[in-house]
Amino acid sequence: MIFDLPSIAVLHAAVSAIYAVLAGIILLRQRQSASGRWLGAACGVTAVWAAAVVWDWPTPLTGVPGWLELARAVAWCGFILHLYRRSVQVHRQLTQAFVTMGLLALLLVGGLPLYDLLSHQSGLSLWSAGTAVRLGFAVCNVLLLENLYFNTPPEGRWHINLLCVALGGLFCYDMLLYADGLLYRQFSRGLVEGRAAATALVAPLLALTAARNRRWKIDIHVSRDVVFHSATLIVGGIFLLSLAVTGELFRRTGSDWGHVAEIALVFAGILTMAVLVTSASARSRLRVVVVDNFFSHRYDYRREWMRCIDTLTAPEAHTGLHRRAIRAVAEVVDSPAGALFVRPPQEVAFQWAGSWNMPAGTVPVPPGHALVSAFRDGEWIVVLEAMPEAASCLAELPRTWLVVPLNHFGSLIGFVVLARARAQFKLDREVFDLLRVIGREVASRLAEQRAAQVLSQTLQLREYSQRFAFVIHDIKNVSGQLSMLLTNAEVHADNPEFQRDMLATVRASVGKITRLLTRLQADRQERSHALITPGDRLADLVEAARLTCSVAVLLNDDGAGAGVAIDPDAFDAVVTHLLDNAIEAGRGEPVQVRLRHEELNVLIDIVDQGPGMAPEFVRDQLFRPFASTKASGHGIGAYQARELLREAGGDLLVLSRSGSGTTMRLLLPRVRSVADLPAAV
């Protein structure tokens, strides 16, 4: 039969491309199994046959396409026999396989000699060799598939049912094609062209079968979304087809209700599609049907893990972690609602921590409750229907179904209560294992959030304690000044000049104490930095030190007059503390204060002639809070001085050796005025 329509070439070209891709995916994988090699070879021969039809499309049943069609049937027959040998018991498979191959041999031996004898007949004959052999292979393959399916144990049929449907449908189509040709003595153009479409339609079923059978070691990953949406399209296509058939039947019977029925069916179809699009329950039921019937595993674990991570780390500012944690667990079993219970630190009972589409729970769950015992140290998922005594504490929550423990390194930190799934959901070991894994990830996130909250509170307390310690130290300095003032008052109380200095000192001390107490109520970042001139303030501080002690304090200023940005009270506190320490360490020797200006920094050296400090003491003890070598010291002065300088962008450096005195160097960033800048700038 000669075809004059190029559509057959287009259809077979698509078939060739589909099977070539499928064969490439299967055969190019490393460490291929025997089943994979057989399947890849059969797909490859099918691709070559379809390409030959494209090349010689006017005569697709004779010549090279005819011989390759026969090779295609042989290849699929070999693949079926291979599976037959692996799936069926030995004492059955040999007998049935040889009987089937014997029938095929009889067809070949009986058909080929009669070809020359009856070749003078016109048209097709029942004894035409080519037709007989092709029909024989189709019948044999159908018989082999039937024996493969029914002789496979029922528990193993799930792995081959799609394969039997695909290849059985393909070879039944071949039987129809050749039976029709023999009956009418010519091949039907529609059936020949339709065979390409039928061959293409079975390719997804073959891919699904390969993906199901892990023992075949074929790396084919079928997207669950693709299958789900394909199933939706198939349902829609069936509906449209039934719509067309119904309308045609009404029109052929001459009924006046044809248009009414067509409009009603169209409207019902629109409503059905709208329900599928908007109803999560309807989509859930469809998804359960698809997953249970097309996949060996219910979950795509890589995708489930990524979904869980995306849910827990969602950047939604209005969604708290408690709600995201519930959703991460609920989506595993398609639950529409849930509640979270956690055990806060230093507490015993589990308290309600949040809900998602579920009212709040007000009754705490004590540690000795039957529900907590049912978790078995956080390794057991509780189905409330099977344990009514465990559900007593959750009576105020509606439609409760599952309780998933949150196990963090063997410690039960909480649990998630889930509402019943949108569709009928089968609970098995795979579901429980995934819930345990997701529960542990959620528990780790909640534990991290709890640790972050504790750390934040600790930092706030530490900051307040630091401010408090600084204030106490400064108050100690003020107390020392007032004590010295009282000591001198006993001698110089009648001196009017001393009385004026005493009032000024008391007034300044009261103002300083007030500012220190105010600092306890403010954040550390609210310290008021200002532009000061170190030379001017150093002169006042050195003069005040000279008045309160009998040690000579010498100031050496290079006179540059640059400014620094620092809180004036903080600058005074640092210099005063370091001067007091230098005077005390110098044991009556003069103390030098040197001020010099560099290109980027202002350096203030406070030098004493004391015994100095060992490098180990400077490294380990000097700046450690609350460690002091003085009987009346608090151990916070040096640490406070360095922290205040660092807040202003500077630092405190120590240059000291045992027996050689100490230099405390204040390093502050220099702020240059506009007049100091070069003209080019």
message = Full-extension gain between Phe498 and Arg624, please, as 0.36 nm times their residue separation minus the C-alpha to C-alpha distance.
response = 41.4 nm
query = So, with +1 on the Cβ of K and R and -1 on the Cβ of D and E, and no other charges, what is the size of the charge dipole of segment 541-654 about its Cα centre, to the nearest 20 debye?
reply = 360 debye
ask   = What ranking, highest mean first, results for peptides 651-660, 495-504, 34-43 when packing means the other Cβ atoms within 10 Å averaged over each residue?
value = 34-43, 651-660, 495-504
ask   = R0 = 60 Å: FRET efficiency of Met175 with Asp377, Cβ-based, nearest 0.05?
value = 0.45
request  = With a 10 Å radius around each residue's Cβ, average the other Cβ atoms per peptide and rank 53-65, 403-415, 420-432, highest first.
outcome  = 403-415, 53-65, 420-432
Net length gained if the chain between Arg302 and Glu589 were fully extended (0.36 nm per residue, minus Cα distance) = 95.8 nm
message = Whole angstrom only: what separates the Cα centroid of segment 338-358 from the Cα centroid of segment 46-85?
response = 65 Å
request  = About the Cα centre of segment 301-439, how large is the charge dipole given +1 on each Lys and Arg Cβ and -1 on each Asp and Glu Cβ? Please answer in debye to the nearest 20.
outcome  = 280 debye
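Values in this text are rule-based calculations from the coordinates and carry no lab data. If you're wondering where the values come from, they're calculated on a predicted model, not measured in any experiment. With ideal geometry, Cβ positions are generated from the backbone for all residues, glycine too; neighbour counts draw on all protein chains shown.
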